[in-house]
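Trainee: Here it is, the structure, as structure tokens.
The values are calculated or read from the model by the stated rules, or taken from the named source; none is laboratory data. No experiment lies behind these values; they were computed from the predicted model shown. Methodologically, a virtual Cβ is constructed for each residue, glycine included, from the backbone with ideal geometry; neighbour enumeration extends over all protein chains shown.
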Amino acid sequence: MHLSDLAYFSLIPIILCLVVYIIFESIEKIGHKYLPYKLKVYVIGIIVCTIIVIAIVITALFVDI
């Protein structure tokens with residue numbers, strides 16, 4: 001896998017995390033009481049995105065396309 005492909009596939013989870021962040025901030029502006037555990041959601045989302053990026057990088061080391 002080329003470095004440009006690796007960068008592209010690694011950016012997908014980061015972009016999804018950014019989209020979730022923007023959606024949660026928009027919802028919070030409408031009603032703060034609906035998101036009492038916002039920090040937990042952010043931390044879990046960041047951890048999941050980090051694990052996905054690490055998995056993509058490790059997989060790219062062993063797979064030749």
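Trainee: I'm checking my understanding of the structure. Among residues of the stretch 25-39 that are surrounded by fewer than 10 Cβ atoms within 10 Å (Cβ to Cβ) and modelled with pLDDT of 75 or more, which one is nearest to the chain's Cα centre (by Cα)?
Mentor: Here the residue is Leu39.
Trainee: Yes or no: Ile44 among the aliphatic types (A, V, I, L, M), modelled with pLDDT of 80 or more and under 18 Å from Asp5 (Cβ atoms)?
Mentor: Spelling it out, it is not the case that Ile44 is among the aliphatic types (A, V, I, L, M), modelled with pLDDT of 80 or more and under 18 Å from Asp5 (Cβ atoms).
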